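Contents: one structure, followed by commentary.
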Amino acid sequence: MTPLKSLKNSFFELKKLQSLTIIAMLLALRVVLGLFANATLPMFGNQIKFGASFLPIAVTGAMFGPVPGLLVGALGDVLSFIIAPTGTYIPGFTLSGALTGLIYGIFLYKNQITVSRVVLAWGVNMITVETFLAAFWFFVFMNPGYETPYMVFLGTRFISVAVRAVPEMLLIFGVGKLICTAERSLARRM
């Protein structure tokens, strides 16, 4: 399915009550996982954070498309900050969450969940959003006077992404396969 058609079809998902209900539950799960399912890895000087809040965003994108994925990514960031503010609100990370949902929706919506498709979706998201864009947000908002060069933030992000690569891809693939099986089973019963 082309990205444009994927965007168009995913708008129609927002008109179905069943879809809205599941999307709302995935949004709630995104907020809960964002608040509680996080760990920093001390062996890397607490610079690398591993969390599971990406998973409901990816699942929303895979099940309902890029538009609902975008909404869950953006709203999840805003609601997490409202519920438990940690420092300053950075709107760039809301944009990053939205782009994450958009990317997973474009690559996974109405497509067979395969290893290559998951690796491609994860890779595009990690390179564009989690590496370059996140490093930019840290550089701009956490760097008074721009004393630390952008390349330092970028290097840290590359290390973070490399450490998280295999576990995140396995989670997306495993949960994606589970959802596809459940959807097929449900479709046969109806």
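The values are calculated or read from the model by the stated rules, or taken from the named source; none is laboratory data. Everything numeric here is computed off the predicted structure, so don't read it as measured data. As a convention, Cβ positions derive from the backbone with ideal geometry for all residues, glycine included, and neighbour counts pool all protein chains shown.
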**OP:** Could you tell me which numbered condition Phe141 fails, if it satisfies all but one of (1) closer than 23 Å to Val31 by Cβ; (2) among the aromatic types (Phe, Trp, Tyr); (3) under 19 Å from the mean Cα position of the chain (by Cα)?
**Re:** (3)
Subject >> Enumeration of residues in the stretch 78-112 that are touching a Lys or Arg at 6+ places or on another chain (Cβ under 9 Å) and not in a loop (DSSP other than H, G, I, E, B) >> reply: Leu79, Ser80, Gly97, Phe107, Leu108
Subject >> Test result for Leu27, closer than 20 Å to Thr128 by Cα, surrounded by 14 or more Cβ atoms within 10 Å (Cβ to Cβ) and in contact (Cβ under 8 Å) with a residue 24 or more places away in the chain >> reply: no
Original post:
Is there any pair with a first residue in the stretch 139-152 that is within 17 Å of Ile90 (Cα to Cα) and a second that is β-branched (Val, Ile, Thr) whose Cβ atoms are under 6 Å apart and which are 6 or more apart or on different chains, and what are they?
Top reply: Phe141/Ile90
Subject >> Long-range neighbours under 6 Å by Cβ, at least six apart or interchain, first residue surrounded by 13 or more Cβ atoms within 10 Å (Cβ to Cβ) within the stretch 1-13, second outside any helix (DSSP H, G or I) and of a type in the set (Phe, Trp, Tyr) >> reply: Ser6/Tyr109
Original post:
Is it fair to say Leu178 is within 19 Å of Leu26 (Cα to Cα) and not hydroxyl-bearing (Ser, Thr, Tyr)?
Top reply: yes
Original post:
Just for helices (runs of 4 or more DSSP H) wholly inside the stretch 113-189: which have at least 3 residues that are surrounded by fewer than 14 Cβ atoms within 10 Å (Cβ to Cβ) and of a type in the set (D, E, K, R)?
Top reply: 150-189
Subject >> Candidates Leu170, Leu120, Leu95, Leu102 - the one that is without any contact (Cβ under 8 Å) to a residue 12 or more places away in the chain, closer than 25 Å to Ile23 by Cβ and under 19 Å from the mean Cα position of the chain (by Cα) >> reply: Leu170
Original post:
Given the structure, is Met169 touching an Asp or Glu at 6+ places or on another chain (Cβ under 8 Å) and at pLDDT 90 or above?
Top reply: no
**OP:** Mind listing just one residue for me: the one in the stretch 20-63 that is modelled with pLDDT of 90 or more and polar (S, T, N, Q) and, of those, nearest to Val175 (Cα to Cα)?
**Re:** Thr60
